[in-house]
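Below is one structure, written out as structure tokens; the observations come after it.
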Amino acid sequence: MNALVQRLIAARKSAGVSQASAAEHLNISRPTFIAIEKGTRDVKPEELVALASLYHTSLNRLMRQSAPPTEVAPHLRAVVERQGEDAGLEAAVAKLSEFVDDYMFLRDKVQGHVMPVPPAQPARSPLPVERFAEICAAKQREELGFGDREPVSSLRKTLDEKGVHVFIDGLDSKLAGLYAYIENFGYCILVNRKHPQPRRRWTIAHEYGHFLFDRDRRGVDFAQPMKRKPENERFADAFAMHFLMPGDGVQRRFHNTYQQKGDVNVGDVLRIADYYGVSLMAMVLRLESLGLIKRGSWDAIKASGARVQDIRAASGVEEVEEKDSAEIFPDRYLILAVEAWSSHTITTSQFAKLIRKPIIEARDFGQKLSQQTDDMQSVINLSLGDSLVHKEQPRA
Amino acid sequence: MTHYCLDACSLINLFCGWGGIQELHAFGDSWSTSRTALAEFTEIREWCQDGSIIRRPIDEAAICGGSPLCVHSATGDDELATLSRLSMVIDDGEAECLAIAKHRGLILVSDDGLAVSHAAKEGVPAVSSIQLLIEWSNLDTTSKPRLREIASRIELLARYVPPPQSPYRAWWDSL
């Protein structure tokens, strides 16, 4: 089956159009349409144009030389069926498939680009899964240079450098994120933009936990946690907790606060949460688990009805800036897109669509990113032996 | 009379430079774009009174109103065959403009290196929006003094500067 036929089938399924409806749209019989999808009858140019319109896709995407990333959709669709309710999953799966397709298209366009090899899967341990997650988190933190105390400053960028592709886009509010490992591409995560940044960081760390524990599965995580969590979910949760909030670091920060003030209140915990880029709830539960505050503290805060912004205002804790880019695409993807555009390998309209921006905004974005890259290049070109003071002798 | 077909990027450049495309009347030629290319022109940037720049959505009526621009769609077997073949290598809007230009004997207006190179392969003559601006400035004596301001609007509002390899880059820099 050629790439065009595969793309036509994938686009139809992604758009939720039946073969009968598509045949009717083209004013041909269903058997003739099926023959097109079997590759036994060529699709005519006017049919191709009509199908692109019906499937809400572009001809340029349908005519790509490579087959679409078929591995993403079927497995995640199986999750949709298991869950019994859609919750926008079909749309989310279609988005992730398109993002991966675009990434692979760009990789083909920019020659000589080497993708990092993602970390190996840790060997399973007979330890309880939560303890195993703690060990894995500590090892990952060490390998990524965060040690046992520092916050993970830019989680998305860090994972991008390890070859884990994190996409952020608006999904149904019930969805936290999706993850899939795709052969010859890598591990990709789609996170819900509608959730606040600390929640997104948690989701990314959680999905990274899945990557380490059960990367061969594809999965979906919902905003409301499951009542009975299977082993892989327990691992991912524990991994996210230990990875984002390392025990040593959190304890030290807690004790420093206590020593300075003689007490620790909810505003202080919010400061510690901000420092580690997690939600107040996540940090309170972490402190509870470490035995540093009373069990049930989070329930008490919740029962008080106080909102985080109220606590922030009352305690004089300022809003924190986003630690990570909230662009749809990871840095590596954007750099590839700008490289392809600057070298005229793709047109400006293609570039704009690939980064999901209107043309003028895409040009602006491309120019700024090129400038940043050039600036970085000029820094790299700086000889460290060069004098940084005036080369001319001072005049008398 | 010369007949032109503008792609989305060249249309954006001229629109932002002039503050509309009514100036196309001054040429006395015929002007068109494609339905798909026009659909890609969705947003403009404008100066506010305080000097800041804001983004604003724009629709077909605001782009074409009062201008001589016609909007065509690819039709017929030959145009559709060319469109689908070209869409393998360039985007749909550019492919439709180029297919229309090829089969209707129009000149493609494009500032995109890849689209222009495919126009050459198809035997379609192409010009850039900058070349049109230069020709426009020669139409009467009042236009030339406005060129610097127009180039500045294109640079800041359309975010376009001819690339370093463009034959118009030196001219642009000299403004």
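The values are calculated or read from the model by the stated rules, or taken from the named source; none is laboratory data. Computed from a prediction, not measured in an experiment: that's the story for all the values here. Using ideal geometry, Cβ is built from the backbone for each residue, glycine included, and neighbour counts are taken over all protein chains shown. Note: accessible area is taken over every heavy atom of the protein model, side chains too, but ligands, DNA and RNA are not part of it. Shrake-Rupley method; radii C 1.70, N 1.55, O 1.52, S 1.80 Å.
The angle between the Cα long axis of helix A:247-261 and the longest principal axis of the Cα atoms of chain A comes to about 40 degrees, rounded to the nearest 10. Stretched out straight at 0.36 nm per residue, the stretch from A:K157 to A:A15 would grow longer than its current Cα-Cα span by 47.9 nm. Using only Cα atoms, find the angle between the long axis of helix A:231-244 and the longest principal axis of chain A, and express it within 0 to 90 degrees, rounded to the nearest 10. Approximately 50 degrees, to the nearest 10. By DSSP, the beta bridges lying fully in chain A are antiparallel in about 60 percent of cases. Look at the dipole of region B:3-130 built from charges on Cβ: of B:A62, B:G28, B:C5, the Cα furthest out on the positive end belongs to B:G28.
Taking all protein chains together and rolling a 1.4 Å probe, A:M1 ends up with roughly 140 Å² accessible.
Taking the C-alpha atoms only, the angle from helix A:89-109 to the longest principal axis of chain A is near 80 degrees. Taking the Cα centre of region B:19-59 as reference, the dipole from Cβ charges on Lys and Arg (+1) and Asp and Glu (-1) amounts to some 100 debye. Fully extending the segment from A:S304 to A:E183 would add 38.7 nm, taking 0.36 nm per residue of separation and subtracting the current Cα-Cα distance.
I'd like the projected area of region A:197-328, averaged over all directions, using the convex hull of its alpha carbons. Report it in nm² with one decimal.
Result: 9.3 nm².
Annotation: peptides B:144-153, A:130-139, ranked by per-residue average of other Cβ atoms within 10 Å with the highest first, follow the order A:130-139, B:144-153.
Just checking the output field for A:345-358: average partner chain Cβ neighbours within 10 Å of each residue's Cβ?
Mean inter-chain Cβ contacts per residue within 10 Å come to 6.
For the protein assembly as shown, the dipole from Cβ point charges (+1 on Lys and Arg, -1 on Asp and Glu) about the Cα centre works out to 1480 debye, to the nearest 20. In straight-distance terms, cross-link reach from A:K294 covers every one of the lysines whose alpha-carbon lies under 21 Å from its own, apart from those fewer than eight places away in the same chain; here that gives A:K261, A:K302. Seen from A:D248, the other residues with C-beta closer than 13 Å to its C-beta sum to a net charge of +1, counting Lys and Arg as +1 and Asp and Glu as -1. Pairs over the 25 Å Cα-Cα cut-off, from the set A:K13/A:K229; A:K13/A:K38; A:K13/B:K121; A:K109/B:K121; A:K95/A:K162; A:K109/A:K368: A:K13/A:K229; A:K13/B:K121. Once the Cβ-Cβ distance of B:E46 and B:S143 is raised to the sixth power relative to R0 = 22 Å, the FRET efficiency obtained is 0.50. The order of the peptides A:15-21, B:26-32, A:190-196 by mean Cβ neighbours within 10 Å, most packed first, is A:190-196, B:26-32, A:15-21. Over chain B, what is the relative contact order in percent, taking alpha-carbon pairs closer than 8 angstrom and at least six residues apart? The normalised contact order for chain B reaches 27 percent.
First measure r as the distance between the Cβ atoms of A:D148 and A:S342, then evaluate 1/(1 + (r/R0)^6) with R0 = 45 Å and state the FRET efficiency to the nearest 0.05. Intermediate results must be reported in sequence, preceding the final value.
Values: r = 42 Å, r/R0 = 0.93.
With a Förster radius of 45 Å, E is 0.60.
Dipole magnitude for chain B: computed about the Cα centre from +1 point charges on Lys and Arg Cβ and -1 point charges on Asp and Glu Cβ, it is near 380 debye. Buried surface between chains B and A: roughly 2500 Å² of accessible area, summed over both sides, computed with a 1.4 Å probe on protein heavy atoms only. Here each label is just a point 7 Å from Cα along the line to Cβ, and for A:I28 and B:D78 those points are 2.4 nm apart. In the complete set of protein chains, residue-level accessible area for B:E60 is approximately 80 Å², probe 1.4 angstrom.
Counted residue by residue at 0.36 nm each, then reduced by the alpha carbon distance between them, the extension gain from A:Q367 to A:R41 reaches 112.9 nm. The convex hull of the Cα atoms of chain A, projected and averaged over all directions, covers 28.0 nm².
By the scheme Lys and Arg +1, Asp and Glu -1, what is the net charge of all other residues having a beta-carbon under 11 Å from that of B:E122?
Local charge sum for B:E122: +3.
With the alpha-carbon atoms of chain B aligned to their principal axes, the span from lowest to highest coordinate is 51, 32, 30 Å, starting with the largest.
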